[in-house]
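The next block holds one structure in the form of structure tokens; read it before the comments.
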């Protein structure tokens, strides 16, 4: 059966529609879950294990720097994946791209757990790790945008906010699964990880890949892409313009909105959940089991928060919920860092639970619908993938690094500069949410 034959029928019954939406929900949630399962898992292992396993141990500082650079390589690859697979999604369909990118991410996550150590194969260990990480980054760069666009285009009228939030739910499920895994593996210290235990969660991720691939292959193409594809087939004599060409010709305003909202949101998000963990470890002496438990708690909070904010998107609009998240983040910037600076576990749990568990989902849950509606169907996948992933690469790499640099260069290790980054990023989200281009491309408020 072709991808077009799998499309929902025009006379779809309520039962068939419900079954289709369940499949789409499972498919989008699984992909985002795998992406963020790998994200937190890789970040943690790069900090604790990889410098000792994959690099020359004779110079620990250089090895540690190189290990973190492999984490950054994934960010560098993401925009290329977003642009490439966004284009393919607009050209050949959402479903095919979702299957390809999921396989790329999942297989690479498993392969990382099978790479021999530096002691076994020397310089080939980091070379293989970098190559696998690049391929994984390409897939991850298209994963969330593809899942969000698919959810948005399958959604019912009046439900695009809540159904567009499905990838955000998958993100937090993946974060919960990986942080809980790290917590359990480090309860008695890091010795088990260093002796080979770190490989277990990577290799076991193949189970997620198998289930997720089965679910994704079963979903139909989106109704909106099917409608566009049929219209283009009727007009087959006309040469169709490249989606990227149309994007830069007609939708630059929408692209700018997506880019700057993504920069603002990701700067906030990565300081909440990445800078904070590095800062607590390096400057407050907080152990890994405390930081991993803080992310576990925040993920549990977010799993409840995401559907609530998705529901609010349907009631108010995704734009209003996104702006509310930005405004609340401005107000929480200084209290967040003050709580971290206590170094007390309960205060750390509270800070990260609010930042990562409430505020980040308040801005992320609306993005599926808000960012998708900045573009018409023919450029939606390209626009979402290009704008968001360039913004993610910029903010995800620079915000936590810039925050740590400001702390390191302060004589008292002050976090005041980090509070300023948080405030500016939150204001950026609010300002560019006001520039919403959605009315040009959608009749739905959410």
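The values are calculated or read from the model by the stated rules, or taken from the named source; none is laboratory data. If you're wondering where the values come from, they're calculated on a predicted model, not measured in any experiment. Methodologically, a virtual Cβ is constructed for each residue, glycine included, from the backbone with ideal geometry; neighbour enumeration extends over all protein chains shown.
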From the option list 310, 368, 326, 285, single residue qualifying as closer than 30 Å to residue 405 by Cβ and crowded, with 24+ Cβ neighbours inside 10 Å is 326
Here are 429, 418: which of them is buried (at least 22 other Cβ atoms within 10 Å of the Cβ), in contact with a helix residue (DSSP H, G or I) (Cβ under 6 Å, 6 or more places away or on another chain) and either farther than 17 Å from residue 275 by Cβ or at pLDDT below 90 (or both)? 429
Being under 23 Å from residue 328 (Cβ atoms) and buried (at least 23 other Cβ atoms within 10 Å of the Cβ) is the filter here; which residues of region 246-269 pass it? 257, 258, 261, 262, 263, 264, 265, 266, 267, 268, 269
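Is it the case that region 308-319 has a residue that's touching a helix residue (DSSP H, G or I) at 6+ places or on another chain (Cβ under 6 Å), part of a helix (DSSP H, G or I) and over 30 Å from residue 437 (Cβ atoms)?
No, region 308-319 contains no residue that is touching a helix residue (DSSP H, G or I) at 6+ places or on another chain (Cβ under 6 Å), part of a helix (DSSP H, G or I) and over 30 Å from residue 437 (Cβ atoms).
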Exactly one of (1) touching a residue at least 60 places away in the same chain (Cβ under 8 Å); (2) assigned to a helix (DSSP H, G or I); (3) farther than 22 Å from residue 143 by Cα is unmet by residue 343. Its number? (2)
With a cut-off of at least 1 residues that are at pLDDT 90 or above, farther than 28 Å from residue 151 by Cβ and out of contact with any strand residue (DSSP E or B) (no Cβ under 9 Å at 6 or more places or on another chain), name the helices (runs of 4 or more DSSP H) lying wholly within region 182-291. 199-204, 276-283
Is there any pair with a first residue in region 168-194 that is in contact (Cβ under 8 Å) with a residue 12 or more places away in the chain and a second that is outside any helix (DSSP H, G or I) whose Cβ atoms are under 7 Å apart and which are 6 or more apart or on different chains, and what are they? 168/365; 193/186
Residue list for region 31-66, restricted to those being in a helix (DSSP H, G or I), free of Cβ contacts under 8 Å to residues at least 40 places away in the same chain and more than 23 Å from the chain's Cα centre (by Cα): 51, 60, 61, 62, 63, 64, 65
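Matching residues to (1) within 20 Å of the chain's Cα centre (by Cα); (2) assigned to a helix (DSSP H, G or I); (3) farther than 21 Å from residue 78 by Cα:
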residue: 115; (1), (2), (3): no, no, yes
residue: 126; (1), (2), (3): no, yes, no
residue: 133; (1), (2), (3): yes, yes, no
residue: 137; (1), (2), (3): yes, yes, no
residue: 153; (1), (2), (3): yes, yes, yes
residue: 157; (1), (2), (3): no, no, yes
residue: 163; (1), (2), (3): yes, yes, yes
residue: 170; (1), (2), (3): yes, yes, no
